[in-house]
Amino acid sequence: MQGLLTLGQFIIEKQSDFPYAKGELSRLLRDIGIAAKIVNREVNKAGLMDILGDVGTVNIQGENQKKLDVFANEQFISALTSGGECCIVASEENDDFVPIDAEVSKNAKYIVAIDPLDGSSNIDVNVAVGTIFSIYRRKSTDGKATLEDVLQNGTEQVAAGYVIYGSSTMLVYTTGKGVNGFTLDPSIGEFCLSHPNMTIPKDGTIYSLNEGNYVHFPDGVKKYLKYCQVEDQQTSRPYTSRYIGSMVADVHRNMIKGGIFIYPTTSGAPNGKLRLVYECNPMAFIIEQAGGRATDGYNRICEKEVSSLHQRSAIFIGSENMVLKAEEFMRQYSALTPDEKAEKKLEQMGVIGGID
Ligand code: AHM
Ligand code: MG
């Protein structure tokens, strides 16, 4: 029997995958692992401690922040600050990116985008939540790192991962050479390699989306949903519906069992709800590395132009054949992307085009 391989040991072993690297990325990943353990400790205590409830401030998305969101944000920023490898943290919880003290980070090569506690409304009811992170190489070569350093497309990610605080706590990450999962062994306080070389099944029978929004969905999603619910023995339909409401947990389940997670545009949220930089791109990178597919219903998530920190996107992510099928419905019934629709509207109003 092979002995336990901890996250720290695994990262050191894998450093040879990057012969020219000096170990900064490895340190960064280890720092994230340590902060995740601290956040895990607090999330586990949430039911016991007087830590639940709104802290009273509202984040840039106009949502109430829970105390644990704030705590997790502080823990990750502090872990990333002390290591000296990261020059900017872009977090869901901060309106602007957080520059790391120039003295500490003068040689730092990396940018980290993070959603410190995703799905935090689930904490009050003891349902799984997660952390999502994405690592980029800094573009600028001197002076202070800038917003341009943060606004990189998903294809530029050098690493991405998530932590799921569930019935057990797992950290899953990729550096572009496959996906590995580590389960926290609370008795020794270490993440141990439990899911080497994770792959997502090409097909699946689970769909997850918030069906309560049905009337607001694009026609392509409505038709795909009906397709999932029709009986057909050959394709094992009707499929099973599972929706936790924590993206990390929904995507993680689908990664293991096969399935599709959709958060589409809706009439109320024409650009989707989830954020491109620290939710969609990292999850897309991980799922693609596991052999799955991630698009906005038309185009690859990782190739989407990033123009602002808190930009939103629709997402269709999971087993390749299921996502391809959903895209077919989008092409057939919702042929215009939201951008094309906006452009068409402007054209009709005579604001653009129409003059030869
Ligand atoms: P959050 O970042 O404010 O926690 O929101 C993100 C979460 C995702 O984890 C989840 O997939 C989605 O919001 C659920 O949204 P909804 O309640 O609209 O279904
Ligand atoms: Mg979030």
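The values are calculated or read from the model by the stated rules, or taken from the named source; none is laboratory data. Model, not experiment: these values are computed from the prediction. Neighbour counts are summed over all protein chains in view; Cβ atoms, including those assigned to glycine, are modelled from backbone coordinates with ideal geometry. Ligands, DNA and RNA are stripped out before the accessible areas are found, and what is left, the full protein with its side chains, is counted by its heavy atoms. Shrake-Rupley method; radii C 1.70, N 1.55, O 1.52, S 1.80 Å.
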Check your understanding: List pairs: first in the range 227-252 and outside the structural domain of residue 327 (by TED's automatic domain parsing), second outside any loop (DSSP other than H, G, I, E, B), Cβ under 7 Å, 6+ apart or cross-chain?
Key -> none
Point to revise | Residue in the range 265-294 that is nearest to ligand 1 (Cβ to nearest atom), counting only those that are within 20 Å of residue 205 (Cβ to Cβ) and not in a helix (DSSP H, G or I) | key: 294
Study note, to complete from the structure: Screening 114, 135 for residues that are more than 13 Å from ligand 2 (Cβ to nearest atom) and modelled with pLDDT of 95 or more leaves only 135
Practice item. Scan the range 310-339 for residues that are open to solvent by less than 70 Å² (accessible area, probe 1.4 Å) and either at pLDDT 95 or above or part of a helix (DSSP H, G or I) (or both) and report the count. Key: 20
Exercise for review: Scan the range 138-167 for residues that are at pLDDT 95 or above, open to solvent by 20 Å² or more (accessible area, probe 1.4 Å) and of a type in the set (S, T, N, Q) and jot them down.
Suggested key: 153, 155
Point to revise | Among (1) more than 27 Å from residue 38 (Cα to Cα); (2) modelled with pLDDT of 95 or more, the one test that residue 252 misses | key: (1)
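Okay, residues lined up against (1) open to solvent by 70 Å² or more (accessible area, probe 1.4 Å); (2) within 19 Å of residue 327 (Cβ to Cβ); (3) over 21 Å from the mean Cα position of the chain (by Cα):
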{"residue": "190", "(1), (2), (3)": "no, no, yes"}
{"residue": "199", "(1), (2), (3)": "yes, no, no"}
{"residue": "208", "(1), (2), (3)": "no, yes, no"}
{"residue": "213", "(1), (2), (3)": "no, no, yes"}
{"residue": "218", "(1), (2), (3)": "no, yes, yes"}
{"residue": "240", "(1), (2), (3)": "no, no, yes"}
Check your understanding: Do you know which of the residues in the range 297-309 that are touching a Leu at 6+ places or on another chain (Cβ under 9 Å) and crowded, with 16+ Cβ neighbours inside 10 Å is farthest from residue 200 (Cα to Cα)?
Key -> 309
**Study point:** residue 291 being open to solvent by 10 Å² or more (accessible area, probe 1.4 Å) and at positive phi
**Key:** yes
